[in-house]
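Input: a single structure, listed below in structure tokens.
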Amino acid sequence: MGEEAYPCRKRAVLLLLAIYYGLLLSEFQITYGWTDQGMCTGSATGDEWPCTDYKLSSKLLIKGGTVVNAESQQVADVYIEDGIIVLVQPNIKVADEVHVLDATGRYVMPGGIDPHTHLEMPFMGQETIDDFFTGQAAALAGGTTMHIDFVIPTNGNLAHGFEVYAKKAEKSCMDYGFHVAVTSWNEDVARDMEMLVKEKGINSFKFFMAYKGALMVNDEQLLQGLKKCKSLGALAQVHAENGEAVAEGQSKMINLGITGPEGHALSRPPLLEGEATARAIRFAKFVNTPLYVVHVMSIDALDEIVSARRSGQRVIGEPVVSGLVLDDSKLWDPDFNIAAQYVMSPPIRSSGHHKALQAALSTGLLQLVGTDHCPFNSTQKQAGLNDFRNIPNGVNGIEERMHLVWDVMVNSGQISVMDYVRITSTACARIFNIYPRKGAILPNSDADIIILNPNATFQINAKSHHSKIDTNVYEGWIGKGKVEVTISRGRVVWQHEKLMVERGSGQYISMPPFGSLFDGIDKMDSEYLSSLRAPVHRENSHVAES
Ligand code: URP
Ligand code: ZN
Ligand code: ZN
């Protein structure tokens with residue numbers, strides 16, 4: 001029937017009703033991320049995944065699973081109210097209105113915390129393809145419930161860079177924190193570092209020793225930065241590669257006519273990673289401040305970290321999942337589009353390195369696993385078709401880390417399930433001073449939880465993953481141990497292969513300075529000062545001066 005058939009008053013009433021229901025519907029879509037096609041969107045940009053209705057209950061009981069923390073495990077129930085864990089004990093009885101999840105035969109563990117991601121990152125003339133919504137949705141589908149991203153300063157300005165990232169992160173659907181990169185040095189940078197620590201919840205700063213002419217700092221800047229970090233109780237992080245030598249290595253490859261992705265690996269060999277790691281470690285020792293080495297990719301870097309730790313120095317080593325499970329063979333693939341996917345820095349190394357990194361992780365020589373999720377799609381990677389130096393560096397991993405670490409480390413028998421919790425979640429929470437709010441299944445902790453079925457199979461491929469990247473460096477991987485449920489702040493956000501995410505629901509997690517890595521640093525400094533036997537008071541010094 002045509003609209004004209006309605007008399008005027010009827011039309012007005014209908015219009016009002018339509019507006020009313022329209023408002024109701026849009027409220028529903030915004031709050032519950034649900035479209036009439038049965039897709040989760042939560043976004044005005046049309047990002048969609050199949051999903052079911054949102055779990056409305058603010059009370060949740062996870063029943064009968066094996067609850068695993070970094071230091072203990074037991075068969076128990078977990079009771080959650082309003083996003084917080086209330087009770088962890090066997091046989092909890094609850095009222096009928098409480099939503100119950102049966103976890104029998106499954107592991108109930110803290111959600112993963114990824115210490116190293118780059119969402120919406122401007123880099124090498126491109127921007128990473130996952131934003132704070134799509135990247136986090138992908139993370140949740142893979143069992144990660146918090147990540148720490150790197151703020152890139154705006155033309156060297158840290159405070160402005162932080163504001164830009166805070167804005168980008170408003171669309172978050174899971175909790176997140178920030179490290180801030182320091183890419184230059186002057187009084188403004190030092191002042192902003194202080195402001196960010198004291199007012200904005202930042203407790204770590206990253207220094208790039210590579211990417212000459214872009215993000216790289218020199219030795220003098222690194223030393224100043226380390227001193228400032230120490231005074232603020234903030235953890236200094238380094239991307240450890242010798243950027244000067246890398247630039248030289250790149251020219252060498254181009255002069256040899258090696259312009260493809262293999263040139264990337266050949267131009268920045270492990271020894272350059274080892275050298276920079278050693279240099280950063282010695283600077284940190286000189287300043288007496290803790291150091292965190294991001295994306296440890298080689299035995300050369302590993303050896304430096306191990307020997308520093310053996311001498312008592314506080315150095316944290318973070319391997320990333322690509323370095324742990326892949327080797328460099330794909331960089332030699334004749335198809336540029338395949339080879340370019342694997343370009344990241346430091347490069348994925350020849351086989352042997354990843355086995356050594358796994359062994360170090362299993363014995364505690366390395367402490368936690370990140371991803372360095374920095375996704376560029378095929379079109380973006382094409383920028384370096386004729387010159388590997390222009391291929392934007394980075395691979396995916398935010399969605400795959402929890403499954404791959406389980407498959408490669410737990411299924412192989414290299415680590416226990418408790419160790420798994422430690423290296424994927426608890427260690428990160430401790431290092432960045434947010435434990436036990438995060439990284440634990442304990443009363444009063446945030447209810448960020450995964451339920452993993454050790455007997456179920458997972459498969460990785462670009463067609464079914466949730467990240468926006470059109471390729472996947474783990475394409476075709478089939479393994480055992482599947483995250484069946486992800487709970488973010490007490491809400492079921494992933495179940496039955498469906499995402500139920502809400503744009504804007506993620507919260508910024510402030511990270512206080514002076515975490516436990518700083519305990520006793522002041523005593524060591526006093527000891528050092530009293531050991532100097534200086535200045536020597538010489539009788540004749542006054543005479544000599546005058
Ligand atoms: O290739 C990488 N790693 N891209 C991200 C930037 C960085 O160095 O972490
Ligand atoms: Zn880096
Ligand atoms: Zn990175």
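Bear in mind these aren't lab numbers, they're just calculated from the coordinates by the rules spelled out. In this text the structure is predicted, and so the values were computed from the model without any measurement. FYI the Cβ positions are ideal-geometry reconstructions off the backbone, even for glycines, and counts take in every protein chain you see.
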Checklist entry - In vacuo Debye scattering of the stretch 454-546, one point per C-alpha: log10 I(q)/I(0) at q = 0.17 Å⁻¹? => result -0.97
Next on the checklist: Can you classify the stretch 184-267 as rounded, prolate or oblate using the Cα gyration tensor, where a ≥ b ≥ c are the square roots of its eigenvalues, rounded means a/c under 1.5, and otherwise it's prolate if a/b beats b/c and oblate if not?
Outcome noted: prolate
Checklist entry - When only DSSP loop residues count, what GluC sites (Glu not before Pro) in the stretch 87-143 have their Cβ near at most 11 other Cβ atoms within 10 Å? => result 97
Next on the checklist: Which one, 83, 150, 73, is farthest towards the positive end of the dipole of the stretch 71-210 when Lys and Arg carry +1 and Asp and Glu -1 on their Cβ?
Outcome noted: 150
Next on the checklist: Rounding to the nearest 10 and keeping the result within 0 to 90°, find how far the Cα-based axis of helix 299-310 lies from the longest principal axis of the chain.
Outcome noted: 70
Checklist entry - What does the stretch 115-242 give for Rg and for Dmax, in Å, if only its C-alpha atoms count? => result 14.4, 43
Checklist entry - Calculated from DSSP H runs of 4 or more alone, at -39500 (n - 2.57) each and per residue, what is the 222 nm mean residue ellipticity of the chain, nearest 500? => result -9500 deg cm²/dmol
Next on the checklist: Given contacts defined as C-alpha pairs under 8 Å and at least six residues apart, what's the relative contact order of the stretch 406-487, whole-number percent?
Outcome noted: 27
Next on the checklist: Net charge around residue 479, counting only other residues with Cβ within less than 15 Å of its Cβ (Lys, Arg = +1; Asp, Glu = -1)?
Outcome noted: -2
Next on the checklist: Rounded to the nearest angstrom and ordered from largest down, what semi-axes does the equivalent ellipsoid of the stretch 236-291 get from its C-alpha gyration tensor (root of 5λ)?
Outcome noted: 29, 9, 7
Checklist outcome for this item: Given unit charges at Cβ for Lys, Arg (+) and Asp, Glu (-), the dipole magnitude of the stretch 127-232 about its Cα centre in debye, nearest 20, is 220
Item to check | Highest average packing first - 464-473, 141-150, Cβ atoms within 10 Å | outcome: 141-150, 464-473
Checklist entry - Can you give me the pair-distance distribution of the chain, C-alpha pairs, 20 Å bins, whole percents? => result 21, 52, 21, 5, 1, 0
Item to check | Whole-Å distance, taken between Cα centres, linking the stretch 299-373 and the stretch 83-108 | outcome: 38
Item to check | Net dipole in debye of the chain [+1 Lys, Arg Cβ; -1 Asp, Glu Cβ; about Cα centre; nearest 20] | outcome: 720
Item to check | Residues of type lysines that residue 381 reaches as a straight line, Cα spacing below 16 Å, ignoring anything fewer than 8 places off in the same chain | outcome: 330, 468
Checklist entry - Tell me, what is the FRET efficiency for residue 507 and residue 255 to the nearest 0.05, using R0 = 51 angstrom and their Cβ-Cβ distance as r? => result 0.50
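Could you grab the relative contact order for the stretch 137-277? Cα pairs under 8 Å, six or more apart, rounded to a whole percent.
Dividing the mean separation by the residue count of the stretch 137-277 yields 18 percent.
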Next on the checklist: So for the chain, averaging the separation of alpha carbon pairs under 8 Å that are six or more residues apart and normalising by length, what relative contact order in percent results?
Outcome noted: 20
Next on the checklist: How large is the Kirkwood hydrodynamic radius of the stretch 324-364, counting all unique pairs of alpha carbons, in Å?
Outcome noted: 11.0
Item to check | Using a Förster distance of 45 Å, the FRET efficiency for residue 522-residue 74 (Cβ separation, nearest 0.05) | outcome: 0.70
Checklist outcome for this item: Per principal axis, largest first, the Cα atoms of the stretch 388-457 extend in Å by 50, 32, 19
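Could you compute how fast the stretch 297-402 diffuses translationally, taking Rh as the Kirkwood radius over C-alpha pairs and applying Stokes-Einstein at 25 °C with viscosity 0.890 mPa s? Give it in µm² per second.
168
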Checklist outcome for this item: At R0 = 22 Å the Cβ-Cβ FRET efficiency linking residue 327 and residue 461, nearest 0.05, sits at 0.65
Item to check | On Cα atoms only, tilt of 187-200 relative to the major axis of the chain in degrees | outcome: 40
Next on the checklist: Cross-link candidates for residue 198: which aspartates and glutamates have Cα within less than 18 Å, leaving aside residues fewer than 8 places away along the same chain?
Outcome noted: 163, 187, 188
Checklist outcome for this item: Among 103, 358, 376, the residue whose Cα sits farthest towards the positive end of the charge dipole of the chain, when +1 is placed on the Cβ of each Lys and Arg and -1 on the Cβ of each Asp and Glu, is 103
Checklist entry - Cross-link partners among lysines for residue 227, C-alpha distance below 16 Å, same-chain residues fewer than 8 apart left out? => result 206, 285
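Once the other residues with Cβ under 11 Å from the Cβ of residue 354 are scored (Lys, Arg +1; Asp, Glu -1), what is the net sum? Working shown, then result.
Values: positive: 349, 355; negative: 327, 328.
Local net charge: 0.
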Checklist entry - How far apart, in nm, are two points set 7 Å out from the Cα along the Cα-to-Cβ line at residue 93 and at residue 160? => result 6.4
Item to check | Tilt relative to the chain, helix 243-255 - C-alpha long axis, 0 to 90 degrees, to 10 | outcome: 80
Next on the checklist: Just to confirm a number: summing +1 for Lys and Arg and -1 for Asp and Glu over residues other than residue 91 whose beta-carbon lies under 12 angstrom from that of residue 91, what do you get?
Outcome noted: +1
Next on the checklist: Can you compute the modelled spin-label distance between residue 191 and residue 534, with each label point 7 Å from Cα toward Cβ, in nm?
Outcome noted: 3.4
